[in-house]
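Colleague: Before we start, here is the structure in question, set down as C-alpha cells.
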Amino acid sequence: MNSEEDEFKRIEAEAKRRAAVFKEIMYWMGTNMDEDDDIQVYAKPWVGLTWEDMPEEYAGDSSFLSGARWAEAKLKERNA
C-alpha cells in the first residue's frame, strides 16, 4: 500500500471509532440512535388544473387540452 491508502484507512478507522463512541454516549444519555422519531412525511394533496388555469388563447384547441391533461396525469403519477 502507498501512503495515501494508509492515510485513508487511518481516517476511516478513526471515523468508525468516533462513531462508536458517539453512539455509546447517546445510549448512556437515553437516546436510541436507531429510533428517529423526528422524521415526518408531509404530503400535500394533489391539486389538478382548473379551467381558470388555461390560457384563453388555447380555450378551443383540443390538442392543447389533450397535452395539458396528459401532463397533469404524468405529474400526478410521479408525485402521488
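Colleague: For Asp61, what residues show an amide H to amide H distance below 5 Å, using hydrogens built from the backbone and excluding near sequence neighbours?
Modeller: none
Colleague: Further question: Given a Förster radius of 30 Å and the C-beta distance between Lys16 and Lys44 as r, what FRET efficiency does 1/(1 + (r/R0)^6) yield to the nearest 0.05?
Modeller: FRET efficiency, Lys16 to Lys44: 0.15.
Colleague: Please state the shape class of region 41-80: rounded when a/c is under 1.5, otherwise prolate if a/b exceeds b/c and oblate if not, all from the C-alpha gyration tensor.
Modeller: Oblate shape, in that a/c is at least 1.5 and b/c is the bigger or equal ratio.
Every read-out reported here was derived from the displayed coordinates using simple, explicitly stated rules and does not represent laboratory data. Predicted model, so just to flag it, every value in this text is computed and none were measured. Cβ sites come from the backbone with ideal geometry, for glycine too, and all protein chains shown count toward neighbours.
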